[in-house]
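The values are calculated or read from the model by the stated rules, or taken from the named source; none is laboratory data. Since the model is a prediction, treat every value here as computed from it, not as a measurement. Please note: Cβ atoms are built from the backbone with ideal geometry, for glycine as well, and neighbour counts cover all protein chains shown. Protein only, heavy atoms only, side chains kept; ligands, DNA and RNA dropped before computing areas. Shrake-Rupley method; radii C 1.70, N 1.55, O 1.52, S 1.80 Å.
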Amino acid sequence: MGLCWANLLWSQTSLSGKVIDADTEKPLVGVEVYLFPREDKALTDEEGKFSFPSVSADNYELVVFSPQHQLFKQKLNPDSLGQELSVRLQANEYELSEVVIAAKREELFAIKRLREVEGTAIYAGKKNEVVVMGLLTANMAANNPRQIYSQVSGLNIYETSDAGLQLNIGGRGLDPNRSANFNTRQNGYDISADVLGYPESYYTPPAEALAEIQVIRGAASLQYGTQFGGLINFKFKKPIEDKKISLTTRQSIGSFGLFTSFNSLSGTVGRFSYYAYFNYKRGNGFRPNSGFQSQNSFVHTRYELTDRTALEFEFTYLSYLAQQAGGLTDSQFYRDHLTSNRTRNWFNVDWKLISLKLQHKFSDRAEWTTQFFGLDASRNALGFRTNRVSQVDELSAPRDLIKGTFFNGGLESRYLQRYKLANKRAVLLVGTKLYRSQNTAIQGPGTNGIDADFTLASEEFSTYPNQSSFEFPNFNFALFGEHIIYLNDKLSITPGIRFEHIRTESVGTYKKIDFDLAGNPIRDTTFQDNRDFNRSFVLAGVGLSYKPKEGQELYANFSQNYRSVTFSDIRIVNPSFQVDPDISDESGFTADLGYRGRLDEIFSYEIGAFGLLYDNRLGEVLRAETRQTATGEEVQTGRVVRFRGNIGRALMVGVESLVDWNLRKTFLPAQPQIKLSAFANTALTYSRYLQSQIPGVQGRQVEFVPLLNLKSGLNFGYRNLVGSLQFTVLSSQFTDATNAPQNLSDNQSGIRGAIPAYSVMDLSLAYTYKRFRLEAGVNNLLDQRYFTQRATGYPGPGIIPSAPRAAYLVLQIVL
């Protein structure tokens, strides 16, 4: 990249220039040009020209940004003023440096898009959304997902009251439960319990520690694995570069006894840099028996061995204990949604993550990363959970205890090469992943006390019917590659392929205890249940990107998907939920077609259509519960349970759009101290089961698919005071494949029926003064009564009410 001085025209009052592409010699339109420390911004016109009028004699830094080109930075002295500059931008051959420009260019829009190439990853032709955390005005202390993900298209969210300890998001017909249909990562490595055997996320990083959240949809399966939902990657804040030590402390209080304390340290000393935090949370919950407490710590260190080689180490620890108020029936919910008849239900998580990453740049055109990651974790669930949700807890009886441990590790290596193909730019990515896990699951009697005692009481309650002990060793080896082929300056095609070898196993025993009519045990049998499932397969996909002009893109992609069956919940006995022991893997594809871009500084927009096809979709149907008598006869109990298995072939298609309108730039261009913008994030989704062998399913709507998913909002501010007002609307959605309607008189289970339409409003404000920042807000401003989940197990079973109106207050100090 070079800077040429031309036409030396002296002027004390202006600075102007022209930006061109160094390869094509053509002017670049819509490129962002910044002048610091004035913090002025200009956009290049149709001839690539820009200007800054009324520039005083001083030292400046000129920064020129284009997503498709290398970042340009140049120091200017007073003698430079009045000269017409010619800035030549080279094609983006390496990852852009992280400078203040990254925040400045997104000042108007809190959602940005990933570049075609970032580090050793390719995103060309893929639907992706990046939430810029520093530009949100939201309840970060409680990780409020409704606000944080408000501009991510089509997400469906289970809302809980645990201050964001768990993230439950789905979309496009995917069950939101613990985000199990996404590949969840932080800083590029896996954080779920077991990517293959139990892909549920019990740990979610605190929003206060994050720089951005990257969401890449189904086409991410080729690079990141086989989940239909795609990838969610939490990117933490990076170490501060210009200080040896910097402290940020955030103390928060809120309704229902909420208190959070977030404290972070960051700095750089020579070649060594670090970022660390400790986060404490506690609260009473808005229902009785729903208190929680957590401690979460994180350490990131980076040492630059050479100018081209760096080593990064990370460690994460989370421990939390939560009491669970249990679910409600429909009649209970509408009579008093703040009630609870479960006093002995508890949930505990212990999570330890480690990562070691080596990065090396062979040149500006070739780089390589290798990352080792591991997890040592456990979760324990304890309580009374019956199919009859309204039944009062039998306080003298043992509680059902489920203990799970997760021990896994992986190694992922990536090599990215930029080169010329037929005199055009090209980018090749190849990678491999090796992953092994060893999980355990034990179910049996817990104590009959009321405290959070996760001790097995098998000797005391030897005839407890739900007893099993299993190990789940899993192994995965993958090879993958993607290649960007630039057909010309505007059009590129990105084919990709992934080879997978997966082995999932189940080794263990379960008990079957038969009782007579008086409830006395008459037969106690232990069964061995070992399973071994080996398979190898290839996934393929292709992406297309066409950029008619700077800042605008037409994209399309098609990718095969695959989801491994999980054995881990087959032998967990659940009074409200049964799993088909013969369930098998899901397969299918996802496709996207969309157009996105920005219109000057006025509009940021994206509109697209998607399709998602499942074969052997895992879903749920309602059916009569049966049990086996002592003589081997199957009899119905008179109760209904959810049955999970391979339901059939399902199709989801829809339209998603996001429009963010800068009202201030439109109507008040001469008032830079004012902030005023509005956004609308709309998803319309159609779903059907195309084929099923289960009666009453074919032609029905797919579960967890609201026809309308709308999130809109207004962002406003004056000088250092900013605020946001958000409105969320979801139409009704079914929770089972037979589309059972809601039964308002249901006073038994609470697990069957639709989730009614709901709407909710949130208000947040923030004021910054020097090193201090004060935040306040109200979630569910209009105090709507609604729910988003019918749980079949913990934290239910039954309806899990969403939180009523709740306020919060945060004080932040940066030192």
Response to the item:
When every residue in segment 12-45 that is open to solvent by 40 Å² or more (accessible area, probe 1.4 Å) and assigned to a strand (DSSP E or B) is compared, the one modelled with the lowest pLDDT is 40
Discussion item. List pairs: first residue in segment 449-473 and of a type in the set (Val, Ile, Thr), second residue in a loop (DSSP other than H, G, I, E, B) anywhere in the structure, Cβ distance under 9 angstrom, at least six positions apart or on different chains.
Written reply: 450/343; 450/344; 450/395; 455/446; 455/447; 463/520
Worksheet entry | Where a residue in segment 192-206 is in contact (Cβ under 8 Å) with a residue 12 or more places away in the chain and its partner, wherever it lies, is among the acidic types (Asp, Glu), with Cβ under 7 Å and at least six apart | 192/200; 193/200
Worksheet entry | Within segment 323-346, tally of residues that are within 23 Å of residue 401 (Cβ to Cβ) and in a loop (DSSP other than H, G, I, E, B) | 10
Worksheet item: What about residue 455, is it open to solvent by 30 Å² or more (accessible area, probe 1.4 Å) and of a type in the set (Ser, Thr, Tyr)?
Response: yes
Worksheet item: Can you name the residue in segment 373-396 that is touching a Gly at 6+ places or on another chain (Cβ under 7 Å) and over 28 Å from residue 792 (Cβ atoms) and, of all such residues, is surrounded by the fewest Cβ atoms within 10 Å (Cβ to Cβ)?
Response: 374
Worksheet item: What are the pairs, 6+ residues apart or on separate chains, where a residue within segment 358-387 that is β-branched (Val, Ile, Thr) has its Cβ under 8 Å from a residue that is outside any strand (DSSP E or B) and open to solvent by 20 Å² or more (accessible area, probe 1.4 Å)?
Response: 386/575
Worksheet item: Within the bounds of segment 368-381, is there any residue that is in a strand (DSSP E or B) and over 27 Å from residue 316 (Cβ atoms)?
Response: no
Discussion item. Please pick out the residue among 443, 417, 438 that is under 26 Å from residue 570 (Cα atoms) and surrounded by fewer than 20 Cβ atoms within 10 Å (Cβ to Cβ).
Written reply: 438
Discussion item. Looking at 493, 513 in this structure, which one is in a strand (DSSP E or B), at pLDDT below 95 and of a type outside the set (S, T, N, Q)?
Written reply: 513
Practice prompt. Out of 310, 325, report the one residue that is aliphatic (A, V, I, L, M), farther than 26 Å from residue 288 by Cα and either at pLDDT below 95 or open to solvent by less than 40 Å² (accessible area, probe 1.4 Å) (or both).
Written response: 310
Practice prompt. Provide a single number: the residues in segment 191-221 that are open to solvent by 10 Å² or more (accessible area, probe 1.4 Å), closer than 22 Å to residue 359 by Cα and more than 11 Å from the chain's Cα centre (by Cα).
Written response: 1
Worksheet item: Do we find that residue 298 is surrounded by fewer than 21 Cβ atoms within 10 Å (Cβ to Cβ) and among the aromatic types (Phe, Trp, Tyr) in this structure?
Response: no
Worksheet entry | strands (runs of 3 or more DSSP E) contained entirely in segment 551-632, each with at least 3 residues that are over 25 Å from residue 791 (Cβ atoms) and at pLDDT 90 or above | 552-563, 586-599, 603-628
Worksheet, complete the sentence: (1) part of a strand (DSSP E or B); (2) polar (S, T, N, Q); (3) over 26 Å from residue 158 (Cβ atoms) all hold for residue 698 apart from (1)
Discussion item. Looking only at segment 703-760, count every residue that is farther than 23 Å from residue 111 by Cβ, open to solvent by less than 10 Å² (accessible area, probe 1.4 Å) and in contact with a Leu (Cβ under 6 Å, 6 or more places away or on another chain) and tell me the total.
Written reply: 2
